[in-house]
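Worksheet for the structure shown next.
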Amino acid sequence: MTTNDLSGFKATVEPRKFVRLEYLTDLNEFIKTDALVLGVGTQNGTDTLDLADGQHIPLDRVISIAGRLSPLFPGYANYSCDC
């Protein structure tokens with residue numbers, strides 16, 4: 001799947017909303033955090049999720065935003081828990 005396949009997922013991002021966010025770092029570390037989303041931007045030709053704390057997370061590394069699962073991680077919800 002490519003970033004173009006994320007257009008529907010991108011459309012669900014609500015700017016200025018505090019959400020639960022799950023994503024993978026460049027080292028494939030799983031991060032679950034609560035963050036204020038500023039919106040979707042572009043950095044170095046890559047779509048990013050822009051956060052109020054200054055982070056720009058590549059959209060293809062975002063697993064879920066406010067419970068909405070990315071199409072790039074279709075079976076992920078089966079293996080995650082709210083521990």
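Extending 7 Å from the Cα toward the beta-carbon at both Thr42 and Asp5 defines two label points whose distance is 2.1 nm. Of the three principal axes defined by the Cα atoms of the stretch 1-57, the extents in descending order read 27, 26, 19 Å.
Here the chain is assigned +1 on the Cβ of each Lys and Arg and -1 on the Cβ of each Asp and Glu. Its dipole about the Cα centre then comes out at about 220 debye. For the chain, averaging the sequence separation of C-alpha pairs within contact (under 8 Å, six or more residues apart) and dividing by the residue count gives a relative contact order of 27 percent.
Across the stretch 34-48, rounded Karplus estimates of 3J(HN,Hα) from the backbone phi angles (6.51 cos²θ - 1.76 cosθ + 1.60, θ = phi - 60°) give 9, 8, 8, 8, 8, x, 9, x, 10, 9, 6, x, 10, 5, 10 Hz, Gly and Pro being marked x.
When the charge dipole of the chain is built from unit charges on Cβ atoms (+1 for Lys and Arg, -1 for Asp and Glu) and taken about the Cα centre, the candidate among Thr25, Ser64, Gly8 whose Cα reaches farthest toward its positive end is Gly8.
No value in this document is a laboratory result; all are computed from the given coordinates. It should be emphasised that the depicted structure is a prediction, and the values quoted were computed from it without experimental measurement. FYI the Cβ positions are ideal-geometry reconstructions off the backbone, even for glycines, and counts take in every protein chain you see.
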